[in-house]
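**Student:** Let me give you the structure first, and then I'll get to my questions.
The values are calculated or read from the model by the stated rules, or taken from the named source; none is laboratory data. Everything numeric here is computed off the predicted structure, so don't read it as measured data. Cβ placement follows ideal geometry from the backbone for every residue including glycine, while neighbour counts extend to all protein chains displayed. Please note that ligands, DNA and RNA were not included when accessible areas were found on the heavy atoms of the full protein model with its side chains. Shrake-Rupley method; radii C 1.70, N 1.55, O 1.52, S 1.80 Å.
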Amino acid sequence: FLLSFEENQLIGCILAEKRDQRVRLGMFVTHPTLQGKGLGKQLLEQAEQKAIEKWNITILEMIVISCREELLKYYERRGYVFTGRTLPFPLNPNLWTLKVEHLDLKIIEKSI
């Protein structure tokens, strides 16, 4: 985990998880009031750099909800491309009800 704090308040985080010869980045979030101010870009760059240094990997991977076009465009601007692979969105009727039909998860990656 890479955590970002302002004073004693957590304002952002990202998880890097090694999977074979790639690293999956996830649980990426910034405080809503700080979005659009560069914090996410800094966190992502730091997570990528740390993963490369620690594990000497060549591929970074993320999984993004298909309907989040603005996120897919954000990651595309940072060098990520859609692999053509998708995963079904996990269903759990005890916890949530889908509000969007045909929802899936897109796998995107960035080659180093």
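**Student:** If you check Thr58 against the conditions, is it surrounded by fewer than 18 Cβ atoms within 10 Å (Cβ to Cβ), under 30 Å from Glu101 (Cα atoms) and of a type in the set (S, T, N, Q)?
**Tutor:** On the way: surrounded by fewer than 18 Cβ atoms within 10 Å (Cβ to Cβ): yes; under 30 Å from Glu101 (Cα atoms): no; of a type in the set (S, T, N, Q): yes.
No: the conditions fail for Thr58.
**Student:** Here's another thing I want to ask about it. Would you point out the residue of the stretch 64-78, among those that are part of a helix (DSSP H, G or I) and among the hydroxyl-bearing types (Ser, Thr, Tyr), that is most open to solvent (accessible area, probe 1.4 Å)?
**Tutor:** Result: Tyr74.
**Student:** Which residue is farthest from the chain's Cα centre (by Cα), if the candidates are limited to the stretch 32-55 and must be closer than 18 Å to Gln9 by Cβ and surrounded by 15 or more Cβ atoms within 10 Å (Cβ to Cβ)?
**Tutor:** In this case the residue turns out to be Leu39.
**Student:** Could you check, for the stretch 34-46, whether at least one of its residues is in contact with a His (Cβ under 6 Å, 6 or more places away or on another chain) and more than 16 Å from Ser111 (Cβ to Cβ)? Steps first, please.
**Tutor:** Kept after step one, since they are in contact with a His (Cβ under 6 Å, 6 or more places away or on another chain), are these residues of the stretch 34-46: none.
The answer is no, given that none of the residues of the stretch 34-46 is in contact with a His (Cβ under 6 Å, 6 or more places away or on another chain) and more than 16 Å from Ser111 (Cβ to Cβ).
**Student:** Checking Thr97 against (1) modelled with pLDDT under 95; (2) hydroxyl-bearing (Ser, Thr, Tyr); (3) within 17 Å of the chain's Cα centre (by Cα), only one condition comes out false. Which one?
**Tutor:** (3)
**Student:** Would you check which residues across the stretch 13-47 are in contact (Cβ under 8 Å) with a residue 40 or more places away in the chain and either in a strand (DSSP E or B) or of a type in the set (Lys, Arg) (or both) and list them?
**Tutor:** Of everything in the stretch 13-47, those that are in contact (Cβ under 8 Å) with a residue 40 or more places away in the chain and either in a strand (DSSP E or B) or of a type in the set (Lys, Arg) (or both) turn out to be Arg19, Arg22.
**Student:** I need a count of the residues in the stretch 79-112 that are open to solvent by 60 Å² or more (accessible area, probe 1.4 Å) and of a type outside the set (Asp, Glu).
**Tutor:** So the count comes out to 19.
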